[in-house]
Amino acid sequence: MAEAEVIQLAGRARRRAGAGARTRCRAVTGSGRRCRNYAVGPSGYCRVHETRERAAGAGRAEKRKVVPGPGEEDGSFGDFVRRRLSGDYPVDDFGYDPELSRTVLLPLMKPLYERYFRVRTIGIDRIPATGAALLVANHSGTIPLDGAVLQYAVATEHPQKRVVRHIAANLAFRTPFFGPIARKSGAALANDEDAQELLRRGEIVGVFPEGFKGVGKGWSERYRLQRFGRGGFIQLALRNRVPIIPISIVGAEEAYPMIANLRVVARIFGFPYFPITPTFPLLGPLGALPLPSRWLIEFGEPIPMDAYPEDAAEDPMLVFDLSDRVRDIIQQMLYRNLKLRGNAFF
(Lines give C-alpha, C1' and ligand atoms only; values in the text may rest on other atoms or scores of the structure.)
Protein backbone atom coordinates (compact mmCIF):
# COMPACT_ATOMS: atom_id res chain seq x y z
CA MET A 1 0.00 0.00 0.00
CA ALA A 2 1.39 3.36 -0.99
CA GLU A 3 2.21 5.81 1.72
CA ALA A 4 -0.17 8.78 2.10
CA GLU A 5 1.15 12.21 1.20
CA VAL A 6 1.65 14.43 4.20
CA ILE A 7 0.87 18.11 3.69
CA GLN A 8 2.21 20.53 6.26
CA LEU A 9 -0.35 22.93 7.72
CA ALA A 10 1.94 25.89 7.09
CA GLY A 11 2.22 24.95 3.43
CA ARG A 12 -1.58 24.57 3.14
CA ALA A 13 -2.01 27.99 4.69
CA ARG A 14 0.42 29.50 2.21
CA ARG A 15 -1.44 27.84 -0.69
CA ARG A 16 -4.74 29.20 0.56
CA ALA A 17 -3.24 32.66 0.90
CA GLY A 18 -1.90 32.44 -2.66
CA ALA A 19 -5.24 31.19 -3.98
CA GLY A 20 -7.03 33.99 -2.14
CA ALA A 21 -4.96 36.57 -4.02
CA ARG A 22 -6.32 35.29 -7.33
CA THR A 23 -9.75 36.20 -8.71
CA ARG A 24 -12.36 33.97 -10.22
CA CYS A 25 -13.31 34.28 -13.88
CA ARG A 26 -16.19 36.75 -14.21
CA ALA A 27 -17.92 34.76 -16.95
CA VAL A 28 -21.26 33.06 -16.29
CA THR A 29 -21.81 29.56 -17.63
CA GLY A 30 -24.81 28.35 -19.59
CA SER A 31 -26.40 27.06 -16.37
CA GLY A 32 -26.28 30.53 -14.88
CA ARG A 33 -23.44 29.79 -12.43
CA ARG A 34 -20.17 31.65 -12.07
CA CYS A 35 -17.21 30.05 -13.83
CA ARG A 36 -14.97 28.26 -11.30
CA ASN A 37 -11.70 28.85 -13.16
CA TYR A 38 -9.27 31.58 -12.18
CA ALA A 39 -8.94 34.72 -14.27
CA VAL A 40 -5.77 35.31 -16.27
CA GLY A 41 -4.47 38.78 -17.07
CA PRO A 42 -6.37 42.06 -16.67
CA SER A 43 -9.40 40.91 -18.66
CA GLY A 44 -11.08 39.20 -15.70
CA TYR A 45 -11.71 36.00 -17.70
CA CYS A 46 -10.12 32.54 -17.68
CA ARG A 47 -8.26 31.31 -20.73
CA VAL A 48 -11.36 29.65 -22.20
CA HIS A 49 -13.73 32.58 -21.72
CA GLU A 50 -11.09 35.19 -22.62
CA THR A 51 -10.82 33.65 -26.10
CA ARG A 52 -14.59 33.65 -26.49
CA GLU A 53 -14.88 37.26 -25.29
CA ARG A 54 -12.28 38.45 -27.79
CA ALA A 55 -14.23 36.84 -30.62
CA ALA A 56 -17.49 38.35 -29.36
CA GLY A 57 -15.87 41.78 -28.99
CA ALA A 58 -14.62 41.66 -32.56
CA GLY A 59 -18.15 40.82 -33.69
CA ARG A 60 -19.61 43.77 -31.76
CA ALA A 61 -17.00 46.14 -33.19
CA GLU A 62 -17.80 44.95 -36.70
CA LYS A 63 -21.50 45.46 -36.01
CA ARG A 64 -20.92 49.03 -34.86
CA LYS A 65 -19.09 49.82 -38.09
CA VAL A 66 -22.29 50.41 -40.03
CA VAL A 67 -21.48 53.57 -41.98
CA PRO A 68 -19.38 53.04 -45.10
CA GLY A 69 -16.54 55.39 -45.84
CA PRO A 70 -16.47 57.52 -48.97
CA GLY A 71 -17.18 55.29 -51.93
CA GLU A 72 -17.38 52.08 -49.82
CA GLU A 73 -20.27 49.63 -50.13
CA ASP A 74 -22.37 48.78 -47.07
CA GLY A 75 -24.05 45.51 -46.16
CA SER A 76 -27.39 44.20 -47.38
CA PHE A 77 -30.64 46.11 -47.14
CA GLY A 78 -31.77 43.57 -44.53
CA ASP A 79 -28.82 44.53 -42.32
CA PHE A 80 -29.74 48.19 -42.76
CA VAL A 81 -33.35 47.54 -41.70
CA ARG A 82 -32.25 45.52 -38.66
CA ARG A 83 -29.95 48.30 -37.52
CA ARG A 84 -32.72 50.88 -37.90
CA LEU A 85 -35.15 48.74 -35.88
CA SER A 86 -32.60 48.04 -33.16
CA GLY A 87 -31.31 51.62 -32.99
CA ASP A 88 -27.73 50.43 -33.52
CA TYR A 89 -26.57 53.26 -35.78
CA PRO A 90 -24.59 56.48 -35.17
CA VAL A 91 -26.09 59.99 -35.07
CA ASP A 92 -23.93 62.98 -34.18
CA ASP A 93 -24.89 65.74 -31.75
CA PHE A 94 -26.25 67.87 -34.62
CA GLY A 95 -28.68 65.14 -35.66
CA TYR A 96 -26.68 64.00 -38.71
CA ASP A 97 -27.41 60.37 -39.54
CA PRO A 98 -24.60 59.33 -41.94
CA GLU A 99 -25.98 55.85 -42.63
CA LEU A 100 -29.47 57.09 -43.54
CA SER A 101 -28.00 59.92 -45.62
CA ARG A 102 -25.63 57.67 -47.60
CA THR A 103 -27.98 54.71 -47.93
CA VAL A 104 -31.37 56.37 -48.51
CA LEU A 105 -31.42 60.16 -48.88
CA LEU A 106 -28.54 60.66 -51.31
CA PRO A 107 -29.56 57.78 -53.64
CA LEU A 108 -33.01 59.39 -53.92
CA MET A 109 -31.28 62.39 -55.50
CA LYS A 110 -29.47 60.35 -58.15
CA PRO A 111 -32.16 60.28 -60.91
CA LEU A 112 -32.96 63.95 -60.32
CA TYR A 113 -29.26 64.87 -60.46
CA GLU A 114 -28.16 62.71 -63.41
CA ARG A 115 -31.26 62.34 -65.60
CA TYR A 116 -33.59 65.22 -64.82
CA PHE A 117 -31.29 68.18 -64.15
CA ARG A 118 -28.28 66.68 -66.00
CA VAL A 119 -25.89 68.44 -63.64
CA ARG A 120 -22.33 69.28 -64.72
CA THR A 121 -19.63 70.35 -62.29
CA ILE A 122 -16.45 72.34 -62.81
CA GLY A 123 -13.50 72.43 -60.41
CA ILE A 124 -14.98 70.19 -57.72
CA ASP A 125 -11.47 69.00 -56.82
CA ARG A 126 -10.77 72.53 -55.52
CA ILE A 127 -12.50 71.45 -52.33
CA PRO A 128 -9.67 70.25 -50.06
CA ALA A 129 -9.29 66.52 -49.57
CA THR A 130 -9.10 66.94 -45.80
CA GLY A 131 -9.73 69.68 -43.29
CA ALA A 132 -12.30 72.42 -42.97
CA ALA A 133 -13.47 74.83 -45.65
CA LEU A 134 -16.38 77.21 -46.14
CA LEU A 135 -18.43 76.79 -49.34
CA VAL A 136 -20.18 80.07 -50.26
CA ALA A 137 -22.83 79.80 -52.99
CA ASN A 138 -25.63 81.79 -54.58
CA HIS A 139 -29.15 80.86 -53.48
CA SER A 140 -32.17 80.68 -55.79
CA GLY A 141 -35.05 78.66 -57.10
CA THR A 142 -38.11 79.36 -54.89
CA ILE A 143 -37.73 75.91 -53.31
CA PRO A 144 -34.12 75.54 -52.10
CA LEU A 145 -33.18 72.46 -54.10
CA ASP A 146 -29.75 73.96 -54.77
CA GLY A 147 -28.50 72.93 -51.33
CA ALA A 148 -29.46 69.28 -51.85
CA VAL A 149 -28.00 69.22 -55.37
CA LEU A 150 -24.74 70.78 -54.17
CA GLN A 151 -24.48 68.25 -51.35
CA TYR A 152 -25.05 65.35 -53.73
CA ALA A 153 -22.43 66.68 -56.15
CA VAL A 154 -19.72 66.79 -53.47
CA ALA A 155 -20.73 63.45 -51.92
CA THR A 156 -20.52 61.62 -55.25
CA GLU A 157 -18.10 63.47 -57.53
CA HIS A 158 -15.43 64.71 -55.14
CA PRO A 159 -12.44 62.32 -54.97
CA GLN A 160 -12.92 61.89 -51.20
CA LYS A 161 -16.76 61.88 -51.36
CA ARG A 162 -16.94 64.54 -48.67
CA VAL A 163 -20.08 65.62 -46.82
CA VAL A 164 -21.30 69.22 -46.99
CA ARG A 165 -22.81 70.39 -43.69
CA HIS A 166 -25.18 73.18 -44.71
CA ILE A 167 -26.07 76.01 -42.36
CA ALA A 168 -29.84 76.56 -42.57
CA ALA A 169 -32.36 79.01 -41.13
CA ASN A 170 -34.68 77.99 -38.33
CA LEU A 171 -37.65 77.85 -40.74
CA ALA A 172 -36.06 74.90 -42.53
CA PHE A 173 -36.15 72.82 -39.33
CA ARG A 174 -39.71 73.86 -38.46
CA THR A 175 -41.06 72.67 -41.82
CA PRO A 176 -43.00 69.38 -41.46
CA PHE A 177 -41.31 66.33 -42.97
CA PHE A 178 -38.46 68.33 -44.53
CA GLY A 179 -37.17 69.62 -41.18
CA PRO A 180 -36.13 66.20 -39.82
CA ILE A 181 -34.68 65.26 -43.22
CA ALA A 182 -32.54 68.42 -43.18
CA ARG A 183 -31.16 67.42 -39.78
CA LYS A 184 -30.49 63.83 -40.76
CA SER A 185 -28.77 64.87 -43.99
CA GLY A 186 -26.25 67.01 -42.11
CA ALA A 187 -27.72 70.53 -41.89
CA ALA A 188 -27.18 72.62 -38.77
CA LEU A 189 -28.90 75.70 -37.40
CA ALA A 190 -27.55 79.03 -38.61
CA ASN A 191 -25.70 80.30 -35.57
CA ASP A 192 -22.04 81.04 -34.94
CA GLU A 193 -21.54 78.37 -32.29
CA ASP A 194 -22.75 75.47 -34.43
CA ALA A 195 -20.90 76.64 -37.53
CA GLN A 196 -17.64 77.14 -35.62
CA GLU A 197 -17.92 73.72 -34.01
CA LEU A 198 -18.37 72.05 -37.40
CA LEU A 199 -15.33 73.87 -38.77
CA ARG A 200 -13.34 72.97 -35.68
CA ARG A 201 -14.08 69.32 -36.42
CA GLY A 202 -12.69 69.73 -39.94
CA GLU A 203 -16.03 69.63 -41.76
CA ILE A 204 -16.98 71.20 -45.08
CA VAL A 205 -19.59 73.84 -44.23
CA GLY A 206 -21.95 75.29 -46.85
CA VAL A 207 -23.54 78.74 -46.53
CA PHE A 208 -25.87 80.79 -48.73
CA PRO A 209 -25.37 84.43 -47.68
CA GLU A 210 -28.35 85.69 -49.70
CA GLY A 211 -30.73 83.71 -47.50
CA PHE A 212 -34.44 84.06 -48.24
CA LYS A 213 -33.75 87.17 -50.32
CA GLY A 214 -32.01 84.97 -52.87
CA VAL A 215 -34.25 81.93 -52.93
CA GLY A 216 -37.39 84.08 -52.99
CA LYS A 217 -36.47 86.59 -55.68
CA GLY A 218 -38.65 86.98 -58.78
CA TRP A 219 -38.01 85.89 -62.33
CA SER A 220 -36.99 89.38 -63.42
CA GLU A 221 -34.07 89.29 -60.94
CA ARG A 222 -32.79 85.83 -61.82
CA TYR A 223 -29.05 85.32 -61.44
CA ARG A 224 -28.62 88.76 -59.89
CA LEU A 225 -27.08 88.30 -56.48
CA GLN A 226 -28.84 89.90 -53.55
CA ARG A 227 -27.05 91.51 -50.61
CA PHE A 228 -24.74 89.16 -48.71
CA GLY A 229 -26.06 90.03 -45.26
CA ARG A 230 -23.59 91.64 -42.86
CA GLY A 231 -20.61 89.50 -43.76
CA GLY A 232 -21.09 86.92 -41.04
CA PHE A 233 -19.61 84.19 -43.23
CA ILE A 234 -16.42 86.26 -43.62
CA GLN A 235 -16.09 86.61 -39.85
CA LEU A 236 -16.65 82.87 -39.51
CA ALA A 237 -13.87 82.10 -41.99
CA LEU A 238 -11.46 84.63 -40.46
CA ARG A 239 -11.98 83.43 -36.89
CA ASN A 240 -11.48 79.81 -37.87
CA ARG A 241 -8.80 80.58 -40.49
CA VAL A 242 -10.37 78.34 -43.12
CA PRO A 243 -10.46 78.96 -46.90
CA ILE A 244 -13.57 80.21 -48.66
CA ILE A 245 -14.56 78.42 -51.87
CA PRO A 246 -16.94 80.53 -54.00
CA ILE A 247 -19.58 78.53 -55.88
CA SER A 248 -21.95 79.48 -58.68
CA ILE A 249 -25.06 77.38 -59.26
CA VAL A 250 -26.81 77.80 -62.61
CA GLY A 251 -30.10 76.02 -63.23
CA ALA A 252 -32.09 76.46 -60.02
CA GLU A 253 -33.74 79.67 -61.24
CA GLU A 254 -35.45 77.85 -64.13
CA ALA A 255 -36.49 74.84 -62.02
CA TYR A 256 -39.07 76.93 -60.14
CA PRO A 257 -39.44 80.27 -61.92
CA MET A 258 -41.31 82.61 -59.57
CA ILE A 259 -43.47 84.97 -61.63
CA ALA A 260 -45.26 86.57 -58.66
CA ASN A 261 -45.10 86.77 -54.86
CA LEU A 262 -48.30 86.98 -52.81
CA ARG A 263 -46.88 88.96 -49.91
CA VAL A 264 -50.19 89.24 -48.05
CA VAL A 265 -50.64 85.46 -48.03
CA ALA A 266 -47.01 85.05 -46.97
CA ARG A 267 -47.53 87.36 -43.97
CA ILE A 268 -50.68 85.52 -42.92
CA PHE A 269 -48.89 82.16 -42.79
CA GLY A 270 -45.56 83.55 -41.54
CA PHE A 271 -43.64 82.68 -44.68
CA PRO A 272 -40.84 84.85 -46.13
CA TYR A 273 -42.68 84.73 -49.49
CA PHE A 274 -45.57 82.89 -51.19
CA PRO A 275 -44.60 82.02 -54.78
CA ILE A 276 -46.67 81.87 -57.93
CA THR A 277 -44.97 79.78 -60.62
CA PRO A 278 -46.17 78.57 -64.04
CA THR A 279 -47.36 75.32 -62.38
CA PHE A 280 -48.19 76.36 -58.79
CA PRO A 281 -50.87 76.69 -57.48
CA LEU A 282 -52.53 76.03 -60.85
CA LEU A 283 -51.65 72.31 -60.82
CA GLY A 284 -52.04 71.84 -57.09
CA PRO A 285 -49.54 69.36 -55.58
CA LEU A 286 -48.15 68.63 -59.04
CA GLY A 287 -46.95 72.22 -59.11
CA ALA A 288 -44.24 71.21 -56.64
CA LEU A 289 -42.47 69.28 -59.42
CA PRO A 290 -39.51 71.26 -60.76
CA LEU A 291 -39.04 71.99 -64.43
CA PRO A 292 -36.24 69.93 -66.10
CA SER A 293 -33.66 72.69 -66.33
CA ARG A 294 -29.99 71.98 -67.04
CA TRP A 295 -27.64 72.72 -64.15
CA LEU A 296 -24.01 73.81 -64.09
CA ILE A 297 -22.10 74.14 -60.80
CA GLU A 298 -18.65 75.71 -60.68
CA PHE A 299 -16.32 75.58 -57.68
CA GLY A 300 -14.01 78.59 -57.74
CA GLU A 301 -10.43 78.95 -56.56
CA PRO A 302 -10.12 78.82 -52.75
CA ILE A 303 -9.66 82.20 -51.06
CA PRO A 304 -7.30 81.73 -48.08
CA MET A 305 -8.18 83.44 -44.80
CA ASP A 306 -5.20 82.45 -42.66
CA ALA A 307 -2.94 85.32 -43.77
CA TYR A 308 -5.00 88.01 -42.01
CA PRO A 309 -4.33 89.18 -38.42
CA GLU A 310 -5.90 87.31 -35.52
CA ASP A 311 -8.37 90.13 -34.86
CA ALA A 312 -9.27 90.69 -38.53
CA ALA A 313 -12.84 89.51 -37.93
CA GLU A 314 -13.40 92.56 -35.71
CA ASP A 315 -12.53 95.01 -38.51
CA PRO A 316 -15.90 95.94 -40.13
CA MET A 317 -14.30 97.54 -43.20
CA LEU A 318 -12.19 94.48 -43.94
CA VAL A 319 -15.19 92.20 -43.45
CA PHE A 320 -17.28 94.35 -45.81
CA ASP A 321 -14.53 94.45 -48.47
CA LEU A 322 -13.98 90.69 -48.35
CA SER A 323 -17.72 90.02 -48.48
CA ASP A 324 -18.09 92.29 -51.50
CA ARG A 325 -15.11 90.61 -53.18
CA VAL A 326 -16.59 87.11 -52.74
CA ARG A 327 -19.97 88.33 -53.98
CA ASP A 328 -18.38 89.86 -57.10
CA ILE A 329 -16.47 86.65 -57.83
CA ILE A 330 -19.65 84.56 -57.68
CA GLN A 331 -21.56 87.07 -59.81
CA GLN A 332 -18.93 86.93 -62.55
CA MET A 333 -18.93 83.13 -62.37
CA LEU A 334 -22.72 83.15 -62.85
CA TYR A 335 -22.53 85.35 -65.95
CA ARG A 336 -19.77 83.19 -67.43
CA ASN A 337 -21.55 79.89 -66.72
CA LEU A 338 -24.88 81.10 -68.09
CA LYS A 339 -23.17 81.48 -71.45
CA LEU A 340 -21.32 78.20 -71.04
CA ARG A 341 -24.49 76.26 -70.25
CA GLY A 342 -26.44 77.58 -73.23
CA ASN A 343 -30.12 76.67 -73.46
CA ALA A 344 -31.78 76.28 -70.06
CA PHE A 345 -33.68 73.10 -70.96
CA PHE A 346 -32.21 71.48 -74.08
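Out of Asp97, Asp192, report the one residue that is under 23 Å from Ser323 (Cα atoms) and either in contact with a His (Cβ under 7 Å, 6 or more places away or on another chain) or modelled with pLDDT under 95 (or both).
When all the criteria are applied, what remains is Asp192.
Hey, Phe299 hits all of (1) over 22 Å from Tyr223 (Cα atoms); (2) among the aromatic types (Phe, Trp, Tyr); (3) surrounded by 15 or more Cβ atoms within 10 Å (Cβ to Cβ) but one; which does it fall short on?
(1)
Pick from Gly206, Gly216, Gly251: which is over 24 Å from Pro278 (Cβ atoms), touching a residue at least 12 places away in the same chain (Cβ under 8 Å), open to solvent by less than 40 Å² (accessible area, probe 1.4 Å) and not aliphatic (A, V, I, L, M)?
Gly206
When the residues of the range 148-174 are filtered to those that are open to solvent by less than 10 Å² (accessible area, probe 1.4 Å) and not in a strand (DSSP E or B), which remaining residue is farthest from Thr121 (Cα to Cα)?
Looking only at the range 148-174, we keep the residues that are open to solvent by less than 10 Å² (accessible area, probe 1.4 Å), and these are 149-150, 153-155, 158, 164-165.
With not in a strand (DSSP E or B) added as a condition, the list becomes 149-150, 153-155, 158.
On the way: Val149: 11, Leu150: 10, Ala153: 8, Val154: 10, Ala155: 13, His158: 10 Å.
Filtering the range 148-174 for residues that are open to solvent by less than 10 Å² (accessible area, probe 1.4 Å) and not in a strand (DSSP E or B), the one farthest from Thr121 (Cα to Cα) comes out as Ala155.
Report yes if some residue within the range 304-313 is within 17 Å of Gly218 (Cα to Cα) and touching a Pro at 6+ places or on another chain (Cβ under 9 Å); otherwise report no. Working first, answer last.
First, the residues of the range 304-313 that are within 17 Å of Gly218 (Cα to Cα): none.
Looking for residues that are within 17 Å of Gly218 (Cα to Cα) and touching a Pro at 6+ places or on another chain (Cβ under 9 Å), one finds none in the range 304-313, hence no.
Could you check, for the range 279-289, whether at least one of its residues is closer than 18 Å to Leu338 by Cβ, over 25 Å from the mean Cα position of the chain (by Cα) and without any contact (Cβ under 8 Å) to a residue 60 or more places away in the chain?
For the range 279-289, residues closer than 18 Å to Leu338 by Cβ, over 25 Å from the mean Cα position of the chain (by Cα) and without any contact (Cβ under 8 Å) to a residue 60 or more places away in the chain: absent.
From the list Glu62, Glu53, pick out the single residue that is part of a helix (DSSP H, G or I), in contact with a Ser or Thr (Cβ under 9 Å, 6 or more places away or on another chain) and either within 25 Å of Ala195 (Cα to Cα) or at pLDDT below 85 (or both).
That would be Glu53, the only listed residue that is part of a helix (DSSP H, G or I), in contact with a Ser or Thr (Cβ under 9 Å, 6 or more places away or on another chain) and either within 25 Å of Ala195 (Cα to Cα) or at pLDDT below 85 (or both).
Those residues that are free of Cβ contacts under 8 Å to residues at least 12 places away in the same chain and among the polar types (S, T, N, Q), I need them from the range 311-346; list them, please.
Residue satisfying the conditions is Gln332 alone.
Can you pull out the residues in the range 100-124 that are outside any helix (DSSP H, G or I), open to solvent by less than 60 Å² (accessible area, probe 1.4 Å) and either of a type in the set (S, T, N, Q) or at negative phi (or both)?
First, the residues of the range 100-124 that are outside any helix (DSSP H, G or I): 117-123.
Now drop any that are not open to solvent by less than 60 Å² (accessible area, probe 1.4 Å), which leaves 117, 119, 121-123.
Those that are outside any helix (DSSP H, G or I), open to solvent by less than 60 Å² (accessible area, probe 1.4 Å) and either of a type in the set (S, T, N, Q) or at negative phi (or both): Phe117, Val119, Thr121, Ile122.
What number of residues within the range 292-346 are acidic (Asp, Glu) and under 21 Å from Arg227 (Cα atoms)?
Number of matching residues: 6.
Do we have Ala137 as modelled with pLDDT under 95 and buried (at least 17 other Cβ atoms within 10 Å of the Cβ) here?
Criteria not met by Ala137.
The values are calculated or read from the model by the stated rules, or taken from the named source; none is laboratory data. From a predicted model like this one, the values you see are computed outputs, not experimental measurements. Cβ: placed from backbone, ideal geometry, glycine included. Neighbour counts: every protein chain shown. Each accessible area value is taken on the protein alone, full model and side chains, heavy atoms only, with ligands, DNA and RNA left out. Shrake-Rupley method; radii C 1.70, N 1.55, O 1.52, S 1.80 Å.
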